[in-house]
1. Applying 1/(1 + (r/R0)^6) with R0 = 60 Å to the Cβ-Cβ distance of B:Gln22 and A:Leu240, what FRET efficiency is obtained, to the nearest 0.05?
2. Using a 10 angstrom cutoff on alpha carbons, build the Gaussian network for chain B and name the most mobile of B:Leu218, B:Leu144, B:Leu273.
3. How many nanometers, to one decimal and shortest first, lie between the label point of B:Ser50 and those of its other copies, if labels sit 7 Å from Cα toward Cβ?
4. Just to make sure I understand: if all protein chains stay in place, what is the order of B:Thr26, B:Thr102 by accessible area at 1.4 Å, largest first?
5. Under 10 Å, Cα contacts only: if you run a Gaussian network model on chain A, which one of A:Thr250, A:Thr276, A:Thr161 comes out with the highest mean-square fluctuation?
6. What accessible area, summed over both chains, is buried at the A-B interface (1.4 Å probe, Å², nearest 100)?
7. From the phi of every residue in the stretch A:234-245, what ³J(HN,Hα) in whole Hz does the Karplus formula 6.51 cos²θ - 1.76 cosθ + 1.60 yield, where θ is phi - 60° and glycine or proline is x?
8. Using alpha carbon coordinates only, what is the Rg to Rh ratio of the stretch A:129-197, with Rh defined as the Kirkwood radius?
2 protein chains.
Amino acid sequence: MGWVADAGGLDVEEFVEGGESQKRRTRVSAPDEWLREARADVLFEATSLSVADGQPAIDHIRAALECGAHAITANKGPVVHAYRELSQLAAAKGKKFLFESTVMDGVPIFSLFRDNLPTVELRGFRGILNSTTNVILGGMEVGLSFEESLKKAQQMGVAETDSSHDIDGWDAAAKVAALVTVLMGVPVRLEEIEREGIGRLTGENVRASRAAGQRYKLICRAQRDGARVRASVRPEQVPLSDPMAWVEGTSSIIYFDTDVFPGLAITENNPGLEATAYGMLADFVKAVESDVAGR
Amino acid sequence: MGWVADAGGLDVEEFVEGGESQKRRTRVSAPDEWLREARADVLFEATSLSVADGQPAIDHIRAALECGAHAITANKGPVVHAYRELSQLAAAKGKKFLFESTVMDGVPIFSLFRDNLPTVELRGFRGILNSTTNVILGGMEVGLSFEESLKKAQQMGVAETDSSHDIDGWDAAAKVAALVTVLMGVPVRLEEIEREGIGRLTGENVRASRAAGQRYKLICRAQRDGARVRASVRPEQVPLSDPMAWVEGTSSIIYFDTDVFPGLAITENNPGLEATAYGMLADFVKAVESDVAGR
């Protein structure tokens, strides 16, 4: 479709009807041109995730920072594939590259470590970070086959039509890579994360585990190992005495193992769609505050 | 014992031995005089809690702020009894009044809301915030009487010789009052918090509950009710399907009910003594950063 810019802003309804703001518009062909024409202060980047290379989101964010705009994204790709480049570019331009919505919706994970846990060393973490697989496993537990549970999750709007991204563990692995790269300071490539999805599990597997006092969950793990970090995403049978077993539906949980706090956990129960949008709003407030404070 | 000040700092070992730094010392009689002589930049206030009136901690903090020093405390009293006065004084002096260590050791609860959850409204919370009672209830569950379990907790160094402050729910109530006052913006007096301790429970009560699939926990609750906040501290029987039931020993948990995140929980597992000290260190870093940034 291309890009339309107006530094005075666009009235969407009037624009669609071909009114005054359509006449004022400038059609541009690339994000950098668009950013200059629109004189944007902030770019909200929310294209869909390309897990393989993080594009076109990386180009959009690079262009925004080059044009002197803050870049806020809900897209894991730029964090997984270009965190160092984009944060260095942001620092050089005196702008912010923020991405709180990429993990656990908008729950402040990255900003908690950045702002409120000074000097703390993160040794590792474990958690449940993908909703779609958690909903599917829950359906299998109460009697559905894998296919039936997937279909139900799609009807509920939790799972996408092509859910392989979630089912094969790519979404969870991208979140692990983002957390390891940013919070543990060790850039990790997606291929380095041991990854097994839930596609091989049958309803019988899941129900037998439940009957034996355990629950199948797609568990994310990361642990320092010398200068490296070992990370994995795979189905595990979690005993009912572990709070992770009780994380159901679209809820999520993460346990941080740090030097000061050996078990610091954050749980998000039943988030709404606005939680992801909120993460971008909170990033926006941070960016504006940094402008005001001149930092 | 009184106060000893030296703007050049005191070498503790040499001081105790009556060396050079003892000769340089100035003996002063009150905190404000001491703060001026020492030319302190920061006061770490860690006197023991007087739940009734918050003294002498309030006087110390007031004196520090008046002298242009940041005031950092691990003492709930000043937050419960003088939050508004002390924060206004700090703002007027361009200094910080910080108290992260008062609730859940040094886990960043106050700073999470202050720095990273802009525009979010806290509607209420529930949690387990007192370690001593949790350890005692755990001992009763596995066969001890109340008195035996208390004695064991005292031998472990978890409970104090006079543990009535914890057992009667005063410590938990002070934490609730601090959270409600600061995070919900509604000053609440300790007497307004419905409070029942664990002293009436017998080992039989606790074990019967466990056998019936529940666990007694001293639960803190707060909920908005119009312009007011209703708050309570009392023993409740928590079903095993609730993650609160699995918070054992010196661990703690808090669930926040907010407009954006209906169930945001933070759990601290098995903190060490250094966790409380860490909270004061993190506050110190915040205070120094604010000096550097001129905020």
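1. According to the calculation, E is roughly 0.45.
2. It is B:Leu273.
3. Label point to label point, same position, other copies: 6.7 nm.
4. B:Thr26, B:Thr102
5. Top of the fluctuation ranking is A:Thr161.
6. Working: alone 14590 and 14590 Å², together 26260 Å².
Chains A and B together bury roughly 2900 Å² of accessible area.
7. Per-residue couplings from phi come out as 6, x, 10, 8, 9, x, 5, 7, 9, x, 4, 5 Hz.
8. Using only Cα positions, Rg/Rh for the stretch A:129-197 is 1.08.
The values are calculated or read from the model by the stated rules, or taken from the named source; none is laboratory data. Note that this is a predicted model, so its numbers are computed, not measured. Don't worry about glycine lacking a Cβ; one is built from the backbone with ideal geometry, like all the others, and counts go over all protein chains shown. With ligands, DNA and RNA removed, areas are computed over all heavy atoms of the protein, side chains included. Shrake-Rupley method; radii C 1.70, N 1.55, O 1.52, S 1.80 Å.
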